[in-house]
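K.L.:
First the structure, which I've put down as structure tokens, then a few questions once you've had a look.
The values are calculated or read from the model by the stated rules, or taken from the named source; none is laboratory data. This one's a predicted model, so the numbers in the text were calculated from it and none came from an experiment. When we count neighbours, we look across all protein chains shown, and the Cβ atoms used for this are built from the backbone with ideal geometry, even at glycine.
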Amino acid sequence: NDEQFKNVISHAKEYGFVFQSSEIYDGLSAVYDYGQLGAELKNNIKTYWWKAMVQMHENIVGIDSAIFMHPKVWKASGHVDGFNDPMIDNKDSKKRYRADQLLENKIDELYSELANFSEANQAQFEKFQQGILALSDEEQAAWIIGFKNETEILDPSKHPFVEETSWRFVRKGLALEVEMNLALKAENLSQLKDLIVDYKVICPISKTSNWTDVRQFNLMFSTQFGAMADGSEEVYLRPETAQGIFVNFLNVQKTGRMKIPFGIAQIGKAFRNEVIARQFIMRMREFEQMEMQFFVRPGEDKKWFEYWKEARLKWHKALGTPPEKYRYHDHVKLAHYANAATDIEFEFPFGFKEVEGIHSRTDFDLSQHQEYSGKKMQYFDSDLDENGKPYGNYVPYVIETSIGLDRMFLLTMINALEEEDLSTAEKQDSRTLLRLHPALAPIKAAIFPLTKKDGLPEKAREIMDSLKLDFNCMYEEKDAIGKRYRRQDAIGTPFCITVDHQTLEDNTVTIRHRDTMEQQRIEIKDLHFTIDSKVSW
Ligand code: ATP
């Protein structure tokens with residue numbers, strides 16, 4: 001799997017999809033540039049999302065809000081006070097870690113150890129773990145104390161998982177995880193520090209190392225606004241696009257005469273000073289989000305949450321991704337403003353990871369902005385309720401769908417890239433193929449004159465000119481035809497069109513299909529329809 005991931009990264013670079021930012025200066029960590037083909041693929045993913053969300057829903061409109069926002073926005077949203085990662089430095093290696101990540105790694109380690117145990121034990125463990133997750137904070141705390149005293153204070157008939165006593169090591173890890181989560185929530189850094197020390201006991205890498213205290217590290221980038229030093233104010237680069245939608249809720253609702261339920265969508269850059277950024281474009285410091293906030297009547301939020309949960313997974317699957325590569329991950333522990341949340345996870349080469357979040361955010365954001373701005377964030381609903389009375393004024397509830405464009409890009413590349421074995425009895429052969437959905441392919445058709453003479457290039461150019469207004473095309477005359485085909489396979493071009501001497505006589509060309517490598521003779525006048533029927537949504 002490591003190998004597969006490395007191939008994707010080198011392929012992305014070799015063919016002009018993704019470059020490291022400022023590469024000639026040895027790059028800037030966790031910042032990437034999209035190259036000539038990457039920019040096309042990214043645009044096509046955006047179009048697919050925009051069409052599905054905005055064009056296909058009469059009650060969803062799109063906006064494009066600014067990256068800079070009034071500093072109070074981030075106070076109201078909770079980002080100034082709460083958008084933190086706990087950070088710890090190793091004084092010896094000078095490396096910086098996220099404290100919670102360290103623990104996560106440890107848990108992963110524990111899991112892989114578990115894999116060596118029998119299946120029966122594994123099942124038992126899973127039951128045990130689910131039990132832990134289902135506990136309330138108080139129960140967790142009680143259980144941890146019980147654990148520390150080596151006595152079980154929970155009633156085993158209520159919690160069958162605590163009967164099992166042979167899981168001390170695993171439980172120690174889990175107990176620490178739960179404890180650290182509680183400490184993080186309570187922002188109790190001294191407690192967290194103690195836990196990290198405790199954690200060292202079971203974490204071999206930290207035994208011999210010298211660690212700093214845990215510090216809270218805000219993930220927002222800030223900069224000075226205005227040219228004068230004394231007149232300037234600190235502003236943030238937005239860490240999510242959603243707030244631009246919330247503050248425009250009334251502007252859009254009034255000018256667009258929107259009736260609840262309705263949505264506002266947006267695609268745009270977001271910035272997070274991630275403590276550890278890794279796995280290529282999976283976790284970046286500058287990235288792009290595609291978000292939609294759907295405003296609903298209070299009480300109808302659960303229904304719409306279910307609707308969007310299903311609709312968003314359908315969107316992913318419609319690209320032809322094997323369905324078993326996707327799963328939901330419902331949040332058991334919820335953020336204070338949410339009453340339901342789920343992630344859509346994709347099986348990356350490094351495991352199942354979040355690509356998109358669907359969150360039921362209640363009226364938290366609009367209420368916060370109402371409080372901080374002093375402006376009413378209400379909607380007047382003239383529809384009648386079951387008692388025949390108008391619903392009247394209320395702050396709407398919000399269901400949010402939030403997908404990372406770069407993660408979607410990575411997922412798409414991972415899914416599409418394959419080394420296809422074409423060996424026959426006589427000879428070994430293979431080709432590198434980017435099996436992209438044709439609508440996502442950066443180049444829709446490549447046009448080749450068979451040779452560089454006899455008027456073939458001119459004829460090929462003529463065909464190119466007739467197609468390029470509607471499709472992104474590429475003209476290529478270098479190298480043997482076979483080599484040119486292989487190059488297009490590697491960048492995912494669904495069609496190659498070859499102009500030969502016969503073309504000059506009867507206006508037909510050879511069209512080659514990427515996936516089947518099948519070649520067909522068709523009339524030039526049918527090219528447009530043939531391509532269009534495959535590449536349009
Ligand atoms: P994670 O847990 O992976 O940090 P998150 O829960 O903080 O993600 P959200 O705040 O819900 O993510 O953001 C919505 C989406 O934005 C995520 O599902 C992900 O696809 C994308 N995203 C978030 N952070 C990054 C990042 N640093 N780089 C690239 N994409 C990101």
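K.L.:
Considering (1) under 21 Å from Val355 (Cβ atoms); (2) at pLDDT below 95, say which one Gly27 fails and leave the rest.
P.N.:
It fails just one condition, (1).
K.L.:
Would you mind finding the one in Leu440, Leu417, Leu436 that is under 20 Å from the mean Cα position of the chain (by Cα), away from the ligand (no atom under 16 Å from the Cβ) and surrounded by fewer than 20 Cβ atoms within 10 Å (Cβ to Cβ)?
P.N.:
On the way: Leu440 fails: surrounded by fewer than 20 Cβ atoms within 10 Å (Cβ to Cβ); Leu436 fails: surrounded by fewer than 20 Cβ atoms within 10 Å (Cβ to Cβ).
Just one listed residue meets the conditions, Leu417.
K.L.:
Of all residues being closer than 17 Å to Val73 by Cα and either buried (at least 19 other Cβ atoms within 10 Å of the Cβ) or under 24 Å from the mean Cα position of the chain (by Cα) (or both) in the stretch 369-403, which is farthest from the ligand (Cβ to nearest atom)? Just the residue, please.
P.N.:
First, pick out the residues of the stretch 369-403 that are closer than 17 Å to Val73 by Cα: 369-377.
Narrowing further to those that are either buried (at least 19 other Cβ atoms within 10 Å of the Cβ) or under 24 Å from the mean Cα position of the chain (by Cα) (or both): 369, 377.
Values: His369: 18, Met377: 22 Å.
Checked the stretch 369-403; the qualifying residue farthest from the ligand (Cβ to nearest atom) is Met377.
K.L.:
May I pose another question? Checking Lys325 against (1) touching a strand residue (DSSP E or B) at 6+ places or on another chain (Cβ under 9 Å); (2) crowded, with 17+ Cβ neighbours inside 10 Å, which test does it fail?
P.N.:
Single failed check for Lys325: (2).
K.L.:
Scanning the stretch 247-270 for residues that are within 14 Å of the chain's Cα centre (by Cα) and more than 9 Å from the ligand (Cβ to nearest atom), which turns out surrounded by the fewest Cβ atoms within 10 Å (Cβ to Cβ)? So that I can check it myself, show each step before the final result.
P.N.:
Kept after step one, since they are within 14 Å of the chain's Cα centre (by Cα), are these residues of the stretch 247-270: 267-270.
Those left that are additionally more than 9 Å from the ligand (Cβ to nearest atom): 267-269.
On the way: Ile267: 22, Gly268: 18, Lys269: 13.
Residue satisfying both the conditions and the ranking: Lys269.
Yes/no per residue for (1) in a loop (DSSP other than H, G, I, E, B); (2) under 18 Å from the mean Cα position of the chain (by Cα); (3) within 30 Å of His437 (Cα to Cα); (4) within 10 Å of the ligand (Cβ to nearest atom):
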| site | (1), (2), (3), (4) |
| --- | --- |
| Gly299 | yes, no, no, no |
| Leu313 | no, yes, yes, no |
| His316 | no, yes, yes, no |
| Thr321 | yes, yes, yes, no |
| Ala341 | no, yes, yes, yes |
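K.L.:
Say we look at the stretch 343-368 and pick out the residues that are within 22 Å of Ile264 (Cα to Cα) and not in a strand (DSSP E or B); which of these is nearest to the ligand (Cβ to nearest atom)? Reasoning before the result, please.
P.N.:
Looking only at the stretch 343-368, we keep the residues that are within 22 Å of Ile264 (Cα to Cα), and these are 343-344, 355-368.
Now narrow it down to the ones that are not in a strand (DSSP E or B): 361-368.
Working: Arg361: 11, Thr362: 16, Asp363: 19, Phe364: 15, Asp365: 13, Leu366: 18, Ser367: 20, Gln368: 17 Å.
My answer is Arg361.
K.L.:
Among (1) touching a residue at least 60 places away in the same chain (Cβ under 8 Å); (2) part of a loop (DSSP other than H, G, I, E, B), there is one condition Leu28 misses while meeting the rest; what is its number?
P.N.:
Leu28 satisfies every listed condition except (1).
K.L.:
Based on this model, can you work out whether Gly226 counts as of a type in the set (Gly, Ala, Ser), assigned by TED's automatic domain parsing to the domain that holds Trp308, surrounded by fewer than 18 Cβ atoms within 10 Å (Cβ to Cβ) and away from the ligand (no atom under 16 Å from the Cβ)?
P.N.:
Details: of a type in the set (Gly, Ala, Ser): yes; assigned by TED's automatic domain parsing to the domain that holds Trp308: yes; surrounded by fewer than 18 Cβ atoms within 10 Å (Cβ to Cβ): yes; away from the ligand (no atom under 16 Å from the Cβ): yes.
When the stated conditions are applied, Gly226 passes them.
K.L.:
Taking the stretch 202-258 as the search range and keeping residues that are closer than 30 Å to Ser93 by Cβ and of a type in the set (Lys, Arg), which one is modelled with the lowest pLDDT?
P.N.:
Lys207
K.L.:
Report, ordered by the first and then the second residue, all pairs with beta carbons closer than 7 Å, sequence separation of six or more or different chains, a first member in the stretch 384-405 that is in contact (Cβ under 8 Å) with a residue 40 or more places away in the chain and of a type in the set (Val, Ile, Thr), and a second member that is within 13 Å of the ligand (Cβ to nearest atom) and in a loop (DSSP other than H, G, I, E, B).
P.N.:
Val398/Arg361
K.L.:
Of the residues that make up the stretch 380-387, is at least one more than 24 Å from Glu306 (Cβ to Cβ) and not in a strand (DSSP E or B)?
P.N.:
Within the stretch 380-387, the first condition is being more than 24 Å from Glu306 (Cβ to Cβ), and the residues that meet it are 380, 382, 384, 387.
Subsequent filtering for residues that are not in a strand (DSSP E or B) retains 387.
Yes: the stretch 380-387 contains one or more residues that are more than 24 Å from Glu306 (Cβ to Cβ) and not in a strand (DSSP E or B).
K.L.:
Collect the residues in the stretch 286-297 that are within 16 Å of the ligand (Cβ to nearest atom) and over 17 Å from Gly62 (Cβ atoms), keeping them in residue-number order.
P.N.:
Quick first cut of the stretch 286-297, residues within 16 Å of the ligand (Cβ to nearest atom) only: 286-294.
Those that are within 16 Å of the ligand (Cβ to nearest atom) and over 17 Å from Gly62 (Cβ atoms): Glu286, Phe287.
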